[in-house]
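Working notes for the structure below.
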Amino acid sequence: MLNTLDKRWPNQSGVFFENNIALGHRRLSIIDLSDNWKQPMFNDAWNIILVFNWEIYNYSEIKSNIMENYHWKSKTDSEVLLHGYETYWLDIVNHLNGMFAFAVYDKNKQTIVLSRDHFWKKPLYYYIDDDFFCFSSEIKSIIKNIEIKKRLKIDQESLLKYLFYWYVPSPNSIFDKLKKLQPSHILEFDIKNWKITRNYEYWNLWATKIIHDYDESYILDRTEDLIKKAINKRLMSDVPLWLFLSGWVDSWLIAYYLSSMKKDLNAYTVNYIWAEFSETSFSKRISSGFNIRHHICDFDNNKVLENFVNILNYIDEPMADTAILPLYFVSRFAANQIKVVLSGDWWDEVFWWYPKYVAQKFINDYWYLKYMMNLLKYFVPKSNKYHKLFDWFNMPFSARQFIFWSWSFLTDDIKLLLNIDQIDLNGIFNEANLYLEKVNDMDIINKSLYLDCKIQLPDWYFVKWDRATMANSIEMRNPLVDKDLVEFAFSLPWSYKIRNWETKYILKKLASRYIDKDIIYRKKSWFWSPIRVWINNELRDLFEEYLFIDNWFFNLDVISKLYFEHKSLKIDNSFKLLRIFNFNYWYKRYYE
């Protein structure tokens with residue numbers, strides 16, 4: 001089971017066995033590179049055992065508060081977490097700032113405690129039945145246990161969720177008895193009584209109050225201060241730290257502040273050879289202005305098949321996102337030189353960028369047009385981009401939030417694909433509905449942002465980046481998704497996130513202090529991978545091999561129709577086909 005994690009953590013491994021308890025750990029060496037400590041890690045009394053990975057950014061502060069109580073053996077944040085648990089017990093999570101997943105075996109209490117960071121930047125899965133309680137950072141290591149694997153079944157509801165979302169939202173996984181620990185949760189398992197006694201959310205973003213009294217100058221200065229602090233927290237490393245530099249303002253701000261904190265900074269940018277536009281000219285301009293060594297890696301169609309198969313073989317749950325491909329490629333390109341990288345992504349979900357937020361506000365403000373939309377949709381073909389908008393008027397808020405952005409199936413499509421008569425959208429999006437109950441008082445924009453921070457970020461974006469980087473033994477850190485920074489962003493009314501239909505208003509205003517306005521305020525260019533073309537060319541043989549597998553889930557006649565429509569260039573069904581293909585590929589690899 002440990003050996004399946006060798007790419008994620010290649011440097012060290014350790015095990016602990018006692019009676020019916022087995023703990024295993026692998027390490028990617030970032031802090032304290034010496035071999036004088038290993039995990040599982042024990043306290044002095046040998047009655048508390050820890051397995052933990054990733055980073056606690058404020059570990060020095062925690063250590064200073066409990067320093068005198070313990071004999072310290074290393075300089076690691078792992079030891080701070082171990083003694084922090086001794087000091088604070090379950091309340092330790094309220095002292096942590098970082099990205100983390102950990103497990104503690106408490107001999108005295110006969111419990112296993114699991115926890116994950118505030119945003120689920122790093123994965124943690126668990127399985128429970130009458131005989132096994134098992135947890136790991138990856139599904140593949142859990143199902144390496146044959147006794148567990150043969151007890152698992154595909155969860156039909158999760159398959160439905162996957163087809164709508166294009167990933168499986170937590171706490172579900174694609175398997176019925178295998179769960180994901182949700183963001184900012186802590187779980188306690190009672191070994192003696194063989195049950196989960198606690199599983200609760202220790203940090204609530206929804207509790208953030210909207211403040212209307214801030215003036216713009218204060219917001220700009222406070223945002224800048226929090227970004228600087230977030231970057232500084234993430235500089236701790238005993239190995240070289242680089243930057244992934246994109247062609248947009250989020251990344252550029254990170255580059256500007258980081259270049260003032262760190263000398264001899266290096267950055268990587270992917271150049272998409274197939275794109276109608278190239279962002280490398282902008283990233284070159286930024287890196288030159290900030291004295292950053294700029295490394296460009298060209299990703300062209302000749303590299304698609306190999307990299308596509310490589311990353312599909314690594315991810316252990318269906319996820320239909322082609323953007324993971326260039327992310328995996330640049331990580332693979334950089335892996336010989338770096339172990340830690342900073343990225344400027346994920347400000348979109350905090351400071352409002354996506355068009356779906358505009359659609360949500362439009363439908364909310366003009367709800368009385370619903371009946372007219374229902375009439376109009378009968379006169380507009382399904383292939384027309386406005387047909388979806390007409391359907392969205394009839395959907396619950398939670399369904400609109402995620403179907404809008406999926407470029408894929410609507411309800412009637414999935415009924416045909418799965419040969420079913422009814423789909424309960426409220427059931428499919430029950431996680432989102434539960435979150436929405438907590439934010440009834442928020443404005444429509446902050447509701448949308450909140451849902452994405454609780455579901456889209458942790459279950460899609462962070463998973464994508466985690467798998468692409470960790471498949472190449474690289475740890476990525478994300479300053480713009482910092483707890484303090486996000487809390488402040490959520491305290492702002494939506495009017496500071498968009499102004500005169502200019503999205504990311506505050507961030508762009510802040511960036512204009514240091515970066516030329518002509519590139520900050522240029523028209524946004526989407527990154528589109530040419531999956532439509534790849535399916536008919538570079539990936540054709542692979543798709544034809546896996547699309548038509550008779551696995552009892554999908555209607556093969558529907559798949560054939562979608563595929564031949566696409567192949568004839570009549571309709572772009574690429575994202576629909578990708579979801580079917582990715583599930584079938586995963587099914588053949590991990591389940592059969």
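Things to note:
- Meets criteria (buried (at least 18 other Cβ atoms within 10 Å of the Cβ) and of a type in the set (S, T, N, Q)) for SER331: yes
- The criterion of at least 2 residues that are modelled with pLDDT under 85 and farther than 29 Å from ILE474 by Cα is met, among helices (runs of 4 or more DSSP H) falling completely within region 423-462, by 444-451.
- Here MET67 clears all of (1) within 15 Å of PHE189 (Cα to Cα); (2) over 29 Å from the mean Cα position of the chain (by Cα) except the condition numbered (1).
- Among the strands (runs of 3 or more DSSP E) confined to region 73-184, the ones with at least 3 residues that are at pLDDT below 95 and assigned by TED's automatic domain parsing to the domain that holds ALA22 are located at 98-106.
Rundown of residues vs (1) at pLDDT 90 or above; (2) assigned by TED's automatic domain parsing to the domain that holds ARG540; (3) surrounded by 15 or more Cβ atoms within 10 Å (Cβ to Cβ); (4) under 30 Å from ILE174 (Cβ atoms), yes/no style:
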site: LYS228; (1), (2), (3), (4): yes, no, yes, no
site: ASP238; (1), (2), (3), (4): no, no, no, no
site: ASP250; (1), (2), (3), (4): no, no, yes, no
site: ASP264; (1), (2), (3), (4): no, no, no, no
site: TRP274; (1), (2), (3), (4): no, no, no, no
site: VAL309; (1), (2), (3), (4): yes, no, no, yes
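- For region 1-21, taking the residues that are assigned to a loop (DSSP other than H, G, I, E, B) and in contact with a Lys or Arg (Cβ under 6 Å, 6 or more places away or on another chain), the one that is surrounded by the most Cβ atoms within 10 Å (Cβ to Cβ) is identified as TRP9.
- Residues that are in a helix (DSSP H, G or I) and of a type in the set (Lys, Arg) within region 557-592 comprise LYS561, LYS567, LYS576, ARG579, LYS588, ARG589, listed in sequence order.
The values are calculated or read from the model by the stated rules, or taken from the named source; none is laboratory data. A quick note: this is a predicted structure, and the numbers were derived from the prediction, not measured. Note that we place each Cβ from the backbone using ideal geometry, even for glycine, and neighbour counts take in every protein chain shown.
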